[in-house]
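Structure first, commentary second.
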Amino acid sequence: MITLGISSFYKLNNVKGSGNSYTFLNKEELVAIVLSNWHLRKAGQGETTLDRKVVVPIPVDYCYTGFTRDFNERTYIKTKISRRKGQPLNEAPTITNYIPLTYAVKNYLKMEEAKYVNVVCYSAAVLLENNGTRTTDCDFEIVTIVCSPIADEPMLPMTMANNELEMSGYTKSHYTSEEYAKAIVYWQGRIRVVDENTF
């Protein structure tokens, strides 16, 4: 049986108000559920085997998306230049468009409902690629949780590009032109909702 831990990247980036998916399951519960569903794992995006990056489906209970489709040309949208939390300082900053949580609550914007939940796990070897680090001594670590209205949510296009080019803080992967196109179409109709006190 493999051993599974939780990465510091997950702990910093998959929290309520981050604009990313999150769960109210505690870390012990999350690890237990992922291990109980380990036999359902499949290769992660850009992968062809189960030895590097895998995606494990789990039940949707207590899991939530961090974005909305409930916006139009009058919606208040802000922009911030930032780096992902917990990543090296030489990681290139990115531009993030978002709706402030206070505005979303005040205007009753609906968050997109999670109908599928996939937990992304990286092997110890992958975590150490490109000057990366490990948080535990486990065989695999949970690096993110993806709560989505569809079964196979595309990765953010900018993340895909950074992975493809093996930019600092990212892990080498290859994607097809169709995967890029689907990701762009999917994400152009969604936007993060962010708690500015923690973003």
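Structure values in brief
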read-out	value
Residue count, the stretch 110-152 (criterion: more than 16 Å from the chain's Cα centre (by Cα) and polar (S, T, N, Q))	6
Matching option when the condition is exposed (fewer than 14 other Cβ atoms within 10 Å of the Cβ) and among the aromatic types (Phe, Trp, Tyr), among Tyr10, Tyr108	Tyr108
Leading residue by the ranking (surrounded by the most Cβ atoms within 10 Å (Cβ to Cβ)) among those in the stretch 49-80 that are assigned to a loop (DSSP other than H, G, I, E, B) and of a type in the set (D, E, K, R)	Arg52
Members of the stretch 12-26 that are under 12 Å from the mean Cα position of the chain (by Cα) and either over 14 Å from Val146 (Cα atoms) or hydrophobic (A, V, I, L, M, F, W, C) (or both)	Leu12, Val15
Residues (among the aliphatic types (A, V, I, L, M), farther than 20 Å from Met167 by Cα and under 20 Å from the mean Cα position of the chain (by Cα)) located in the stretch 72-109	Ile99, Leu101
Candidate set from the stretch 82-106 (those that are farther than 15 Å from Gly66 by Cα and among the aliphatic types (A, V, I, L, M)); member that is modelled with the highest pLDDT	Ile95
The stretch 178-192, residues that are farther than 22 Å from Arg52 by Cβ and either out of contact with any Pro (no Cβ under 7 Å at 6 or more places or on another chain) or not in a helix (DSSP H, G or I) (or both)	Ala181, Val185, Gln188, Gly189, Arg190, Ile191, Arg192
Of the criteria (1) at pLDDT below 95; (2) crowded, with 17+ Cβ neighbours inside 10 Å; (3) farther than 20 Å from Asn14 by Cβ, which one Val126 fails	(3)
Subset of the stretch 1-20 (residues that are under 27 Å from Tyr103 (Cα atoms) and not in a loop (DSSP other than H, G, I, E, B))	Tyr10, Lys11, Leu12, Asn13
Any hit, the stretch 118-136, residues being closer than 20 Å to Lys53 by Cβ and of a type in the set (Lys, Arg)	yes
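The values are calculated or read from the model by the stated rules, or taken from the named source; none is laboratory data. Quick caveat, the model's predicted, so the values are computed rather than measured. So basically every Cβ, Gly included, is an ideal-geometry build from the backbone, and we count neighbours across all protein chains shown.
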